[in-house]
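Have a look at the structure below, then the notes.
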């Protein structure tokens, strides 16, 4: 597959917003995109779909501590990717691992809110996890992004990134490649997500060691017109 470059026209002039299902997906799947667009002044912001509360078992009514920790971790990771704290991430606060389907009032409210953010921040392109990702929240994020794209009536580019899935095929998507990140920058950002890497919150999700070795660049996937 012959790839396009984010450093070339017209891609380098676009203003990007990143939609991540959970805190840590931004680093794993779009860290290089965030770093490159922040450096060039073309990053509009970062939005998280869920509250991250599903990564660990918590006592009834006690999930707020985990949610607060994951939001702090997300802010630190975003700072390490962008080099500034001027615009903290936005959280839509869907319940982790319990996405609402398209057509549900909560889905429509989220689509309206994200559409309004895109207009306010003058977003040209929205990066989101791929539709075929094997996690319900990742799939829901893609559904939400494409719903926002439909509301934009073709004015918004939707680009997919993979976290857990295999890349889509060249017959269905074109590749858009970012510039390489600074050495160690992505690992430093990932280290901010202590809840996903250590026993800081007790038994729960641990990012496999194989996923902690991340490439210097990201590949985004653009759907071909059907």
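Taking first residues from segment 136-155 that are farther than 12 Å from residue 126 by Cβ and partners that are part of a helix (DSSP H, G or I) and modelled with pLDDT under 95, the Cβ contacts under 9 Å between residues at least 6 apart in sequence or on separate chains come to 137/54. Looking only at segment 193-206, count every residue that is surrounded by 15 or more Cβ atoms within 10 Å (Cβ to Cβ), touching a residue at least 40 places away in the same chain (Cβ under 8 Å) and out of contact with any strand residue (DSSP E or B) (no Cβ under 9 Å at 6 or more places or on another chain) and tell me the total. Qualifying residue count for the region: 2.
Hey, among 114, 190, which residue is surrounded by 16 or more Cβ atoms within 10 Å (Cβ to Cβ), in contact (Cβ under 8 Å) with a residue 24 or more places away in the chain, within 20 Å of residue 55 (Cβ to Cβ) and touching a helix residue (DSSP H, G or I) at 6+ places or on another chain (Cβ under 6 Å)? Don't jump to the end; show me each part of the working.
Working: 114 fails: within 20 Å of residue 55 (Cβ to Cβ).
Just a single option satisfies the conditions, and that option is 190.
Taken over segment 26-53, the criterion of being in contact (Cβ under 8 Å) with a residue 60 or more places away in the chain, more than 19 Å from residue 145 (Cα to Cα) and either touching a strand residue (DSSP E or B) at 6+ places or on another chain (Cβ under 6 Å) or surrounded by fewer than 22 Cβ atoms within 10 Å (Cβ to Cβ) (or both) is satisfied by no residue.
The values are calculated or read from the model by the stated rules, or taken from the named source; none is laboratory data. As the structure is a prediction and not an experimental result, all values here were calculated from the model. Glycine also receives a Cβ, built like all others from the backbone with ideal geometry; neighbour counts cover every protein chain displayed.
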